1. Run lengths n ≥ 4 of DSSP H only: what is the helix-derived mean residue ellipticity at 222 nm for the chain, with -39500 (n - 2.57) per run over all residues, to the nearest 500?
2. So if I take the centroid of the Cα atoms in segment 163-213 and the same for segment 246-268, what is the distance between those two points in Å?
3. How much length is gained on full extension from Leu116 to Met1, taking 0.36 nm per residue of separation minus their Cα-Cα distance?
4. Could you tell me which of Met81, Leu42, Ala59 has its Cα farthest along the dipole of segment 6-119 towards the positive end, charges placed at Cβ (Lys, Arg +1; Asp, Glu -1), taken about the Cα centre?
5. Running Debye on segment 182-332 with equal point scatterers at the Cα sites and no solvent, what base-10 log of I(q)/I(0) appears at q = 0.09, 0.13, 0.16, 0.20 Å⁻¹?
6. For the chain, take the longest principal axis of its alpha carbons; what is the angle in degrees between that and the long axis of helix 103-140, to the nearest 10 within 0 to 90?
7. Cross-link partners among lysines for Lys255, C-alpha distance below 25 Å, same-chain residues fewer than 8 apart left out?
8. Relative to the longest principal axis of the C-alpha atoms of the chain, give the angle of the C-alpha long axis of helix 331-343, reported between 0 and 90° and rounded to the nearest 10°.
Amino acid sequence: MSLEAIRYSRGSLQILNQLLLPHQSRYEAVRGAPAIALVGCLSLAVELQGGAGGPGLAALVAFVRDALSFLVTARPTAVNMARAARDLAATAVQEAKREGATEDEVRERVIRCAELMLEKDLRDNRSIGDLGAQHLLQRVAPGGGKVTVLTHCNTGALATAGYGTALGVIRSLHHLGRLEQAFCTETRPYNQGSRLTAFELVYEQIPATLIGDSMAAAAMAHRGVSAVVVGADHVVANGDTANKVGTYQLAITAKHHGIPFYVAAPSSSCNLSLETGQDIVIEERPGQELTDINGVRIAAPGIGVWNPAFDITPHELITGGIITELGVFAPEELRAALNSTVSQGGHLDGPPQ
Ligand code: MRU
């Protein structure tokens, strides 16, 4: 059975507590941009299924909107929650405006919309995995043979509805029999790499090696890394990308070694309403994440700490491409590619302001 961060069935939602992995598997907390959005929306769906909101259409719509606005504040860097909130709120408003609409119908539409998001994320991730694997193989191993991929943070089944984004590409390469091995970085300070990605790779029996974040340049120089593939919390119009802190230095290092650097993310992580990465808000987290390990102080008392959770990789360092469910695009092609999706009925213009 594959790992599941989110277990949902009508009226019931269970979330795997990733703070306790790999030592304990207990269902309850959430991380990873797509999973945060899905859990936010599904938790609302469960509340609505249980009868929350109302009485009356106006009160029900206000309840949906208020709950979603609160959820958007949870993680400021990722765009997925804000976009999902906008779509869900618009669904509630639209359904409530329909002639003769009832509270039950509004509830059902919002719940179904959240359920469809879960199903779509899984489908999109499989496409990202397959499209990314094909592109990467054509680029770095056109004559056949195996590739070695380095990744950062956790972008797998634990961060999404399933299969994963960057880890989905690694999974697809493995299924094709073309993966020599994956390198996963430890991802300090919160160790999503050594706790979660390593856990997923071992669980799926994918050949892999853990390295400290400071070993990435040495691995690129001496361990035959063919490509770097990372996830994203937010990709803006010019292709600049916010992802887990440490991504930027990997991109610089990959460029130095002439190794293609890919970002793998669903189009729901792309936001054409922001022009450059400078417009993305970067979440800063408590200094204790750096100074302490498992509640034990390791840093010298009195030292100041700066702990941004994400950094921005400028588009010119994304030399492999941006892998989405719609295709693999050079950063400068992204805007046109997503706009053509919009003209075919999609909407990628941005989250509510
Ligand atoms: O702080 P986290 O663990 O939520 O950070 C996760 C990342 O940075 C991921 O790379 C990103 O959310 C994409 S997950 C598919």
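1. That comes out to -13000 deg cm²/dmol.
2. If we compute the Cα centre of each part, the gap is 16 Å.
3. Going from the current span to full extension adds 39.2 nm.
4. Positive-end residue among those listed: Met81.
5. The calculated log intensity ratios at q = 0.09, 0.13, 0.16, 0.20 Å⁻¹ are -0.31, -0.65, -0.96, -1.31.
6. Its long axis makes an angle of about 20 degrees.
7. Lys146, Lys244
8. Tilt relative to the chain: about 20 degrees.
The values are calculated or read from the model by the stated rules, or taken from the named source; none is laboratory data. These figures come from a predicted structure and were not determined experimentally. Glycine also receives a Cβ, built like all others from the backbone with ideal geometry; neighbour counts cover every protein chain displayed. Side chains included, ligands, DNA and RNA excluded: accessible areas come from the protein's heavy atoms. Shrake-Rupley method; radii C 1.70, N 1.55, O 1.52, S 1.80 Å.
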